[in-house]
Each structure stands twice: as structure tokens, then as C-alpha cells.
Amino acid sequence: MTMTAPALVDFDEALTRYEPVMGLEVHVELNTATKMFCGCPAVFGGEPNTNVCPVCLGLPGALPVVNEKAVESAIRIGLALNCEIAEWCRFARKNYFYPDMPKNFQTSQYDEPIAFDGWMDVELDGETYRVEIERAHMEEDTGKSSHMGGATGRIHGADYSLLDYNRAGIPLIEIVTRPIFVPGDKAPAVARAYVQQLRDLILALDVSDARMDQGSLRADVNLSLRPVGVSTLGTRTETKNVNSFRSVERAVRYEISRHAAILDDGGLILQETRHFHEDTGTTSSGREKSDADDYRYFPEPDLAPVAPSREWVESLRATLPEPPGERRRRLQGEWGFSDLEMRDTVGAGALDLVAATIASGAPAAAARKWWLSELARRANEQGVDLAALPITPADVAAIQKLVEAGSINDKLARQVFDGVLAGEGTPDEVVQKRGLAVVSDEGALSSAVDRAIEANPDVADKIRAGKVAAAGALIGAVMKEMRGQADAGRVRELIISKLT
Amino acid sequence: MSSSDSDLTALTAAELADKLASGETTSVEVTQAFLDRIDSLDGELHSFLHVDHDGAKAAAVDVDARRGAGESFPSLAGVPIAVKDLLCTVGQPTTCGSRILEGWQPPYDATVVSRLRRAGMPILGKTNLDEFAMGSSTEHSAYGPTRNPWDTDRTPGGSGGGSAAAVAARLAPVAVGTDTGGSIRQPGALTGTVGVKPTYGGVSRYGIVAMASSLDQAGPVTRTVLDAALLHEIIGGHDPMDSTSLDAPVPGIVEAARRGDVSGLRIGVVKELGGEGFQSGVQARFEESVAMLTEAGATVVEVSCPSFAQALATYYLVMPSEVSSNLARFDAMRYGLRVFPEGVGDPSAEQVMAATRDAGFGDEVKRRIILGTYALSSGYYDAYYGSAQKVRALVARDFDRAFEQADVLVSPTAPTTAFKMGEKLDDPMAMYLQDVATIPANLAGIPGLSLPAGLAEDGLPVGVQFLAPLQADDRLYNAAAALERMLLDKWGGPLLAPLATTSEVPA
């Protein structure tokens, strides 16, 4: 059988006949020092199979012990999502055979999650959509399989597989929403905004580095359609391998179009796992999944129940950061950003950087300008996160101070950024080493202006005739002569005063 | 071989410890005496799957040297020990009596094993067992059965038949066993040895290959109550590596074993554990034991535990369910046997897993995996596993009520004396019934002890079982020590298996 591209119905057209219902499952890899059930470093990557021990390798006789820090993180996530925290809950074994599972069962939670019945308000274009959280539960990650020799990198068709158990046992929190009912046209954006805001929350809680590109935050998108006016839910598909916020949105859109085409044709949606493809924005069939999948869950007899005292829970509640939505609204007011500016700042992952730069003394607009233009461009070029650039908010504020003092101009400031990013030292040191201070010798500047006027008589005439805007050409000439090391504002003043 | 060496193997662990402490003998001498006896007699018994001559001797040399240098040790330092082959041991294979782990060398020691090493007890070797401790006769070992030193045509019980036979035949002064439904106590009864299942959580399970996690418990296999208490004290106590380990001090068990005073003690005879289905000679020895305890000042009451009628059925839902999950890890991917399916070119991982498990597991293990898989299946879970958990709670409640009326409970340990090899092999239900009196303690987590109570009409040993409330293991030792003293007085010394009295040790 050859793969044929499935028929699709235009997104807007699909919504005239069907209502989408979504469910989102987000896995968050915790940043605890050690694994969920043993003392191995919870560091994924590195030499394969080095961060392993009898427990996370599932050797005969080995027994798990719960990582208290992971429970603490789970409770804090639960509280931040307005959940109830269980007074008593157990782990359960999810039994299935797979080579990357050392014990051939995953120690997870089943019908007794640590946190349940919560919600998160998702803000989008000035509207608030309440997403109900069914549960947040603790589990261990599996090892990582690399399927070698096949064309697809998937297990099917591979010659052999390599297994790395460094990831096995890293603590995960799975956050599951209740079915999300929002106007169909908003569904893709709400899904994206939910994952984005959940990530902000996780980062604010400092429980994970929450990087979708690296898999420390993974989102599975469940989607079903039902004809408009029908109350029962349709059959859902579960789309995995959704590795960016943008992909969350695209996956929802694509599945809506695909489901609609099948339903229009009188077909049945297959309950299955699907894989999202970043390059094409499409999904393809993965493992067929049905309610017949039987994981034979039962309470994990090797672990004592988790019974967090109410005192502990309340003391953890006191450690919660300001809810991200409230914080964003507060900061936007304080900074005087427009909605668009604020959205761009958040979208670029620059909120905390901008805040810290402002705290170091820079004006809000300047802080935003440097991070979102100059530095965002460089991060983009290098393919790294803004926060990963080797420059601190304090450096950015110091550069801005130099600009305000007239010691450097914007153009020179870019060279200071270069120097700081290249590890040449603090902004002051870079200015010194590179000799970047603007020329403030009025005599030199004045003669340069005179030479520019002489060389460009036509332009000078226009300015004399009142076309002040033409001064730019002369400023450019002066700046060129001064090799950029002049204060453009002062040059402009000199030109105008000499010609009018 | 000098006669003094064979004399050493006749001593109890406590007596050996005294001689070692006083310098009358050395651990090297004692350990060598037992190794010689193993070499001489275990060809017939097959109580060991692996004998570690070099490791045991090296440990003996080490403890002698350190003692000579003035180091002080716990009670049993220098006394050698045998360990059931279900416990992980560095430097010795751990097979669990299964083909699937043939030759597997664990990279770590079970907590019990590291405690034995720290206590200076040389490990003689690993004892035979029913595969993964599943069975009541040691006939389900993939490496062949163990024979009973009282009659080598009979089984020593199981699953810990290897440890029990070794101790009964004086191939080891003491041994460690594990008890999930009676695997220490029933072999104790069938071989005339003392076997203790401590309170669940009293001894760490870390490094003991799990059969049924909520039921498994390691404990002592010895010839006297005092030896059991001394060993229990060494292996017991909290272990942070086992989440189900009790974080409480081990009760004063050695002191209780030395006390042995039942005056004023209320002893409850469990109505449901005796009578019909119990061999007459077993019942007779049990009743005599109760009479002796009464003479010694105990008050005897009859208690009823009605839910025990469902205990065996409950056990055969809970245990296989946990087995089906615990044994899933044996899949040929990381360690142990790997079998490629016949006639399949380029087999998948799943096909290798299936072929390995088919070839590596014996029938009884497969039977329990299938039972457990079924019991946990969606749609059957509530009816089977769910109901079993409810009955389990009822069993615990029956015990709670019984312990309101009595300080310790007593029953015969096993319904029969040692049975013939092969007799019950094709009748799983008959085999399972061997554990009818021992299983309730595992379901409730309470401690139990089996003490030799004499010989039945067939000349084979009978065990009497003592049961105590959770974490009251000391009560077992106190009551059993009292009865043991009276029985030894009556018999004029311990009852020894014919094979235990043989001195056919090569010169």
C-alpha cells in the first residue's frame, strides 16, 4: 500500500459543519538533581548508559524510592494550576513490553493523581478562555530508543535499535486537560496559548527548563470533531511529536481539516496515535490505539503511598510565584507597553530578560528594543534561545546608559554588543579596548560638518530653503568621515545651526 | 578430616559464636568444616546451586584476622551461612532457580547480603529453590530438586527447600530464606528446622528478586529459636533503599528468645487452621505442643478467623498479579538468557522476548504469569484483584480481632509431613494447599515462626506455627523458645535428620 496524501477540507469550511473538541496532555521533565526513584543524576544526554544504576535499569531485586523533591515540584505545579492536592495517593504500574522500559512497566499514577480538578485561564487577543485541568500526575520517563538503519528512523524497518537508559527514571509530570470547548476558529490559537502559558508557569515555578525543542516539555494534542449541534463527542486522535508552540497550532488546524474530510465522506475516524511532521505541517498514522489497549494498572506495591501533610502543602503554596497572567498584566502597566509589544516580548521569551534589564536601570522601551531587535536577531542567527546568549541584562542596561550619556551612539552600541558577546569583557571594557567612544571634540566635528556642506551644495541649498529633512544626507557624510564615532544628534544640530 | 571438625557442624550458631569469641576455634576451621560436609553430602541432597569455596574461605580468613587485631563484631561473626539463590550476591551467580537467569552475576549485593558481610558471616553458597520461589517442594527448580535429609525420596518443601535441607543436614549452621506464602515456614516444618517470617517490612527486600512485592519477606532458617533471633537481629532493621521497610527498631527478639516464658501468656488456637485436611500425626503433635504450653502457664483460647476460608484463593489472585508484573523485566534485552525464535529470519525484539520467556520460564512460573495477567485485565480487575484486596483486608481484621483475645496464635505449620517427590507435581491445587496455614500471615503482613514439634506417625518432622501481631516478632521468639526448651527436655536433645547424623566426611 502506498501512502497517499489524505483529502483535506478547508479549515474555515470545516468549522461551518463541525465543532472541534481538544484535549492536551503535556509532559514536563522536572529539573530535580536526581531521578524519580533512584539517586542517579537526572541528566539526559552525555555518554549513553552512564547515569544508570540497578534501580533505573530495573535489575532483578532493585526497588524504587520516591524522590521527595519531585513530589514537591508536582505539588507546586498542581497548586499553580489551581488543583486539589491529594491527601493520600499511590503510584501505579502501567504494564507493557517495550525495550526502552527497563522493567516492562512504567511506574506512574493512575486513578489517584497527586493533583486534580484545577484550571488555567488562557489569555488570547484580549479574551480569557478557562482550560480545566483534569489531573497532574507523577511518573518516570522511559529510556530512549534510536532506531538505526531504516529509512524513517522509526522502529518499523530499522535494522537494529540502540537503547540509552540515561533518561530512564527522569521524573515527569503529566498535565492532562479536560475536553476543551472553544469556538472552532479559536481552537488552534487557544491550544498554542495554553501550552505557551503553561510553559511560562513551569519556568516561573523553576521546576523544569521546559524546552519543547529538547523534549523537556512535550505536548500531545487530542482532537475530535462533532457535527454542529451534536452533544456526544466524536472519535479522537492523539498527535505526538509536536515540538514547538507553532506546531501545536498547526497540528490542531491540520487534524480539524483531515477529520472533516473523512467525516464528510461518511468515513470513521480511527482512534490512533499520529505523528506531526514539522516540515510539512501534516500528521501521519502511528500506532493504532484503542480502548482495548490494556495496561493492567495496579497499585505499585514497592512504594508507600504519598500522603503530603496539609502543612507541607500550605508551605509550598506560599512559595508559588505570582501567576504569569497577573504578572504580565502588572508589568505591561508598569512598562507602558502596547498589547502587541507585550505579546512580542512574551513570544520571544524575553519577558524575564527585559524585566531584569529594567531592574538594572534601563528604560522599558530601550530594554525591549535591545532584546527584541539586536539580540533576538543574533540569537536567531545562532539558533539559540535569547537567554542562552552570553550577555546579562545588567550588561544591556550598562550599554543603554552609555548611549544615554552620549558616550556612544546606537551604531557603536552594536559594536559593544559584539564585544561583550565575544567575551571581551564588560561594556565599559569593550568601549575602551575597541576605542569606541564618540568624538566630542566640537572643533573636529564642526570642520567635518563644514566639509560636508561644501561637498554637497545641493543638499545644503535644500536645507537653507527649509527642507530640514534633507539633513540626513549630510549627517551620513559626517558620520562616515568620523567612522561612526560621533553623536548623530549633535551633528544634526550643527548642520541646522550652520545653514538656517 | 579430624573429628573436631565434624563436631563443629553439630553446634548451633550461638555455640559456634561463643567458641569463636573465646578463641577456641576460628572461622576458617568452622567454614572449612561446613564446606567439607557440603562436598561430601550435597551430591545427594542438592541443597546448593552454587558453593563459593574461595569466597567463603576468604571471608573467614578476613574475619579471623580482624578479630585477632582486636576488632569487635556482632554476635554471629565468623559463623558461615547459606543464602537462598533469590538474593543478589556480588561474586556469585543469582539464578532464582530459573533458566532465564542462568549464570547471571548481579553487580550489587542485596541489603541482607551486605549486612551478613558486614557482620563477618562467610557466605557458603546459594541454596536451591522453586523457580523464582514459586512452589512448595523445590521440585520446580530448573536445576533439579532438593531432597529431604529425613528421607531422600521426599521433598524438603518449598520454595526454600534448599536452605531448609542444608540446615537440617548440617551443611550450614544457619541460612537465609524468603517467605511469600510460607516458603520459609513450610520447609522448616518438613525438615525439622526453625523458620521465621518477620513482620512485613522488618527485613529489607532490596536486592531480593521479587516474586510478589506485597508479600515477600526474608527471614532466618536455623536449628534453634535463639539462632533465628540472632540472625534476625543482623539482617533486620530499616533500609532506606526499600520504601516498604519499617522505620522502627527491631523488637527485643534475642532477649525474648533467651527468656522463653509463657506464664500468663494467652495463646489462641486458630479454629480454621487445623482438623480436617490435616494429617493425624501433625494434628497430634500440635495438640501436645498446646498442652505443654498450657502446663507451662499459658492460657489457651480458641479463636475464629472466618475469612481464612478465602485466604488461599485470595493469595492466588494477589500473588500472581504481582508476579506477572515483577517478572516482565526478564525479556532478554539487558541481561540473562536470550533465545532467538526458530525459523524466523530477522526476528523483532518482541519475537525474541517471547521466545526467551517461552524457553526460560518453567511451567509453574508461566502458570502464575498467565493467572496474574488475567486477574489484572481490564474488565476483570475489580472482580479479581479488587475483590482479593478486600478479602485481604478481612484477613487482617480477623487477625486484629484474634489478637484482642490472644497474645500469640498457634496452628500446625503445614497440613502434612514431607511428601514424596513427584507426588503433587501434576496437581497444583494439592501443592497450593501445603500453604493453607501459612498464607494468612503473608496476606496480613504479620510475623510467623515454625518450630519442630516432633515426629508424626510416619517418622517425619512436624512443625508448629506461632503467629504474632505486626511488629511483635519478639512474642514469637518468647513463646517458641519456651516450647522448644520443653520439647528438647522431653526428647533429650534435638531431633536430627538421618542425614544430619551421618559422619561420612571424607578423610
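Using a 10 Å cut-off on Cβ atoms, rank the peptides B:466-476, B:166-176 from the highest mean neighbour count down.
My ranking of the peptides, most packed first, is B:166-176, B:466-476.
Shape of region A:28-69 from its Cα gyration tensor (a ≥ b ≥ c, root eigenvalues): rounded if a/c is under 1.5, otherwise prolate when a/b > b/c, or oblate?
The shape class here is oblate.
Where both residues lie in chain B, what percent of DSSP beta bridges are antiparallel, nearest 5?
Percent antiparallel among DSSP bridges in chain B is about 65.
Using a 10 Å cut-off on Cβ to Cβ distances, tally the other chain neighbours for every residue of A:95-103 and report the average as a whole number.
On the way: counts 6, 1, 9, 5, 8, 2, 4, 4, 5.
Per residue, the number of nearby Cβ atoms from other chains is 5 on average.
Using only alpha carbons, build the gyration tensor for region B:230-350 and give me the equivalent ellipsoid semi-axes, biggest first, whole Å.
Gyration-tensor ellipsoid for region B:230-350: 45, 24, 14 Å.
What nm value, rounded to one decimal, do you get for the distance between A:R17 and B:A21 when each label is placed 7 Å out toward the C-beta?
9.0 nm
Using alpha carbons only, how many angstrom separate the centre of region A:405-440 from the centre of region A:199-231?
Going from one Cα centre to the other spans 42 Å.
Can you tell me, using C-alpha contacts under 8 Å and at least 6 residues apart, the relative contact order of region A:220-316 as a whole percent?
Rounded, it is 23 percent for region A:220-316.
Around A:A362, what is the net charge, scoring Lys/Arg as +1 and Asp/Glu as -1 over all other residues with Cβ under 11 Å from its Cβ? Display every interim value, and only then the final one.
Values: positive: A:R368, A:K369, A:K401; negative: A:D395, A:E404.
Net of charged neighbours comes to +1.
How do B:C88, A:C40, B:C96 line up, fewest other C-beta atoms within 10 Å first? Mind dumping the intermediate values first?
Values: B:C88 29, A:C40 22, B:C96 34.
Fewest-to-most ranking of B:C88, A:C40, B:C96: A:C40, B:C88, B:C96.
Would any residue of region A:409-447 have its amide N under 19 Å from a label point 7 Å out along Cα→Cβ of A:V384? List them or say none.
Flagged as within label range: A:414-427, A:430.
Give me the net charge for the shell around B:V262: Cβ to Cβ below 11 angstrom, other residues only, Lys and Arg +1, Asp and Glu -1.
In short, +1.
Does region B:409-480 come out rounded, prolate or oblate, given a ≥ b ≥ c as the square roots of the eigenvalues of its C-alpha gyration tensor, rounded meaning a/c under 1.5 and, failing that, prolate meaning a/b above b/c? Could you put the intermediate results ahead of the total?
Working: a/c = 3.75, a/b = 1.50, b/c = 2.49.
It comes out oblate by the Cα gyration axes.
Rank the residues A:R492, A:R218 as a footprinting-exposure proxy: fewest other Cβ atoms within 10 Å of their Cβ go first. Don't skip to the end; give the middle numbers.
Values: A:R492 17, A:R218 20.
Fewest-to-most Cβ neighbours within 10 Å comes out as A:R492, A:R218.
From the C-alpha coordinates alone, can you work out the Kirkwood hydrodynamic radius of the protein assembly as shown, in Å?
33.3 Å
Quick one: B:S325, B:S280, fewest Cβ neighbours within 10 Å first, how do they rank? Kindly include the intermediate steps, with their values, before the conclusion.
On the way: B:S325 27, B:S280 9.
Least crowded to most crowded, the residues run B:S280, B:S325.
Would you tell me the mean number of C-beta atoms belonging to other protein chains that fall within 10 Å of each C-beta in B:156-169, as a whole number? Walk me through the numbers on the way to the answer.
Values: counts 0, 0, 0, 0, 0, 0, 0, 0, 0, 0, 0, 0, 0, 0.
The mean count of partner-chain Cβ atoms within 10 Å per residue comes to 0.
Rg and Dmax of region B:85-161 over Cα atoms: what are they, in angstrom?
For region B:85-161, the Cα-based Rg and Dmax read 13.2, 38 Å.
In cubic angstrom, how much convex hull volume per residue do the alpha carbon atoms of region A:324-434 span? Let's see the in-between values first.
Working: hull volume 10.5 nm³, N = 111.
Per-residue hull volume (Cα only) is 95 Å³.
If Lys and Arg each add +1 and Asp and Glu each add -1, what is the summed charge of the other residues whose beta carbon sits under 11 Å from the beta carbon of A:V182?
Summing Lys and Arg as +1 and Asp and Glu as -1 gives -1.
If you wrap a convex hull around the alpha carbons of chain A, what volume per residue comes out, as a whole number of Å³?
Each residue corresponds to 215 Å³ of Cα convex hull volume.
Considering amide H positions built from the backbone, and no H for Pro or chain starts, which residues 5 or more places from B:A210, or on another chain, come under 5 Å of its amide H?
A:G61
Report, please, the projected area of region A:442-499 averaged over directions, based on the convex hull of its C-alpha atoms, in nm².
Hull-based average projected area comes out at 3.2 nm².
What shape does region B:134-250 take by its C-alpha gyration tensor, where a ≥ b ≥ c are the square roots of the eigenvalues and a/c under 1.5 counts as rounded, a/b above b/c as prolate, and the rest as oblate?
It comes out oblate by the Cα gyration axes.
Where q = 0.07, 0.08, 0.12 Å⁻¹, what log10 of I(q)/I(0) comes from the Debye formula for chain B, counting one point per Cα?
-0.34, -0.44, -1.02
Report, as an integer, the average count of C-beta atoms from other chains found within 10 Å of each Cβ along B:88-97.
1
Of the peptides A:335-341, A:80-86, how do they stack up when ordered by the mean number of other Cβ atoms within 10 Å, highest first?
A:80-86, A:335-341
Antiparallel DSSP bridges in chain A: what percent, to the nearest 5?
Antiparallel bridges: around 95 percent, rounded to the nearest 5.
How many percent of Cα pairs in region A:1-90 exceed 19 Å?
Cα-Cα pairs in region A:1-90 separated by more than 19 Å: 65 percent.
Which percent, to the nearest 5, of DSSP beta bridges fully inside the protein assembly as shown are antiparallel?
The answer is about 80 percent antiparallel.
Percent relative contact order of chain A, based on C-alpha pairs within less than 8 angstrom and at least six residues apart?
On the way: 889 pairs, mean separation 69.9, N = 500.
The value is 14 percent.
At a Förster distance of 22 Å, what's the computed FRET efficiency of A:D339 paired with A:K186, Cβ-Cβ distance as r, to 0.05? Can you show the working numbers first?
Working: r = 17 Å, r/R0 = 0.76.
For R0 = 22 Å, the calculated efficiency reads 0.85.
Under the definition of Cα pairs under 8 Å and six or more residues apart, what whole-number percent is the relative contact order of chain B?
18 percent
Read-outs: derived from the displayed coordinates by stated rules, not from any lab. These numbers were taken from a predicted model, which means no experiment stands behind them. Counting neighbours? That spans all protein chains shown, and the Cβs are built from the backbone with ideal geometry, glycine included.
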